[in-house]
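Following: one structure in structure tokens, then a few remarks.
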Amino acid sequence: MLRFVQEADASRSVTRRVDDKEIPDAVPVGEYPVRRVHRGTCTEMKRQGFCIARETGSVQSVDADTGIAHPGNLVEVGDMVEMAMGKDDLCDRVPVSLEGSGENPCIHQDMTDDVGVAEEATAWNPPDRHGRIIRFSHPMSVMPSLIHECLAGLPELVEDVARKEGISPRIAARSVARGRLVIPANPNRHHRTCGIGEGCRVKVNVNVGTSGPLCDLALEEAKARAALENGADTLMDLSTGGDLRAIRRMLLSLDVPVGTVPVYEAVRRAGSAADVDADLLFSVIREHCRDGVDFLTLHCGVNRDVLSALRTDPRIMPVVSRGGAFHVAMMVQRDEENPLYEEFDYLLEILSEYGVVASLGDGMRPGCLQDAERHAKTVEYLTLGRLAGRALEAGVQRMIEGPGHVPLPQVPCNVQAIKELSNGAPLYLLGPIVTDLAPGYDHVVSAIGGAVAAMQGADFLCMVSPSEHLALPNVDDIVEGTRVARIAAHIGDISRHREGYRAARELQMAEARQKLDWNAMFSLALFGDHARRIHERDGESETCSMCGDLCAVKLVREIFRRKGE
Ligand code: SF4
């Protein structure tokens with residue numbers, strides 16, 4: 001988007017700030033090939049009423065008198081479309097914006113309100129007689145992404161995150177601009193802010209959601225609330241059963257950033273992964289963005305190269321990521337490239353339009369220790385690194401997911417490899433599961449891996465519950481898993497910020513223990529109520545029931561006191 005503004009400026013030899021409203025008449029922004037043509041009835045067009053162009057490269061016919069757009073297209077794939085931005089005195093009521101980036105600008109009416117179509121009849125110039133030129137007739141309000149805002153100044157959102165994290169706002173803004181810190185905050189919703197990445201404490205995500213046979217909205221809400229009460233920073237909805245939109249909207253009503261995996265819903269709607277096509281997938285992605293989802297797991301790295309690596313260097317468990325499996329099924333059955341990879345620019349446009357963070361999914365994460373170092377994962381890492389660079393260039397915030405089941409000694413090099421390949425993009429970890437032999441305790445297993453990974457630079461840990469690999473988690477599983485993940489994140493924090501307040505809190509705990517000050521210990525503990533319950537179950541006393549009257553702390557303290565030391 002910034003580039004379009006700069007090009008428009010260059011074409012007139014004027015310098016102008018992004019937020020300058022003095023935009024000249026019909027400045028050509030560029031000529032672009034039509035990449036996709038939106039066919040059939042477009043509910044988006046109907047809702048927006050007077051949009052001229054909605055989908056990428058899709059130029060719709062517009063009634064000159066009413067301003068109503070019709071679903072019939074005036075262009076075909078391969079046609080060139082000249083995008084223009086400008087103003088017209090006739091129009092003063094319709095806020096419009098130019099959004100999008102790369103080669104796929106998207107021009108549409110501001111989505112903040114539904115203005116009556118009749119009032120706007122004169123607001124639009126229809127495409128020219130060839131149907132090839134779109135001219136907007138209103139001062140453009142250019143809406144920069146958070147990355148662009150950080151390049152130009154200090155957005156309030158960044159200041160808020162910096163305040164919470166105890167870091168300099170300017171450094172936080174620089175980290176956002178460099179793609180090393182993301183702030184999932186869809187402008188369509190308001191919730192507490194959460195920074196993930198450089199300079200921030202390690203965050204914890206908790207997955208909730210239904211599965212095919214188990215669909216209970218009340219249970220999912222109870223799980224989500226339990227997660228938040230026990231330290232979750234974000235929630236992800238992995239629902240695949242029941243009323244998916246109702247579950248998503250329930251989660252979106254909570255005061256927390258929410259992520260989803262749109263391909264799950266696309267598969268449910270299509271009936272099978274093989275029946276999901278690009279249009280359906282992009283339409284679900286857009287719907288999630290419009291609903292207010294803050295970050296989306298998108299398996300863009302599962303491409304033909306990865307598939308080929310999977311075949312030439314087979315693994316014991318070829319694919320264990322559900323989203324990864326869906327994309328493999330789509331690609332193999334339809335003999336097509338993954339649309340999220342093939343049309344990555346278009347995907348970025350949608351994310352940019354809604355200010356949503358891309359979480360580049362690890363569809364090839366290994367499912368057992370023996371598969372940890374096979375080619376498929378490495379090829380996916382390389383792909384994700386490249387895509388992360390393109391996203392940043394387009395002003396789209398993104399993070400990288402990884403790395404699945406990995407032996408503990410390989411955790412540091414996996415973290416460093418992803419960080420290196422993505423130029424320090426925030427790293428969102430599922431696991432790492434560092435042994436496959438502890439089902440029922442995988443929350444502990446992944447906390448061990450997560451703590452080591454966080455120490456090495458991972459930024460965001462996904463809670464693994466005790467029921468991982470066994471069943472859909474219940475509320476107790478979520479509580480236990482969240483607490484253990486929170487502990488792993490804290491260990492990561494104190495490993496990385498030795499001089500920070502977290503280390504000070506560790507010192508205070510040591511002093512409270514030396515004083516046998518139980519109340520101070522419980523207030524400093526990450527989960528003080530739990531600690532208090534255990535301590536008090538054998539009755540209250542100055543020491544604890546572990547050593548009783550032979551308490552080492554008390555014994556040495558009193559000896560030193562008697563000696564005047
Ligand atoms: S009784 Fe034993 S375990 Fe308990 S505080 Fe004293 S030394 Fe520690």
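The values are calculated or read from the model by the stated rules, or taken from the named source; none is laboratory data. Just so it is clear, the model here is predicted, and its values are computed rather than measured. Note that each Cβ is placed from the backbone with ideal geometry, even for glycine, and that neighbours are counted across all protein chains shown.
List of remarks:
- Residues in the range 468-498 that are touching a residue at least 40 places away in the same chain (Cβ under 8 Å) and within 23 Å of ALA218 (Cα to Cα): LEU472, PRO473, ASN474, VAL475, ILE478, VAL479, GLY481, THR482, ARG483.
- Test: residue in the range 499-519 that is within 16 Å of the ligand (Cβ to nearest atom), among the charged types (D, E, K, R) and in contact (Cβ under 8 Å) with a residue 12 or more places away in the chain: yes
- Listing of helices (runs of 4 or more DSSP H) fully contained in the range 226-297 that carry 2 or more residues being within 15 Å of the chain's Cα centre (by Cα) and at pLDDT below 95: 278-291
- Against the test of being closer than 30 Å to THR210 by Cα and in a helix (DSSP H, G or I), the options GLU468, GLU506, GLU511, GLU480 yield a single qualifying residue, GLU480.
- Residue within the range 341-352 that is part of a loop (DSSP other than H, G, I, E, B), more than 14 Å from the chain's Cα centre (by Cα) and either free of Cβ contacts under 8 Å to residues at least 40 places away in the same chain or surrounded by 22 or more Cβ atoms within 10 Å (Cβ to Cβ) (or both) present: no
- Total residues in the range 514-543, condition over 24 Å from GLU229 (Cα atoms) and assigned to a loop (DSSP other than H, G, I, E, B): 9
- Qualifying positions in the range 310-334 - crowded, with 16+ Cβ neighbours inside 10 Å and of a type in the set (Lys, Arg): ARG315, ARG322
- Note on the range 267-282: residues that are buried (at least 21 other Cβ atoms within 10 Å of the Cβ) and either of a type outside the set (A, V, I, L, M, F, W, C) or without any contact (Cβ under 8 Å) to a residue 60 or more places away in the chain (or both) total 3.
- Tally of residues being within 6 Å of the ligand (Cβ to nearest atom) and part of a loop (DSSP other than H, G, I, E, B) across the range 544-565: 4
- For the range 520-543, the set of residues classified as within 16 Å of the ligand (Cβ to nearest atom) and touching a residue at least 24 places away in the same chain (Cβ under 8 Å) consists of GLU542, THR543, listed by residue number.
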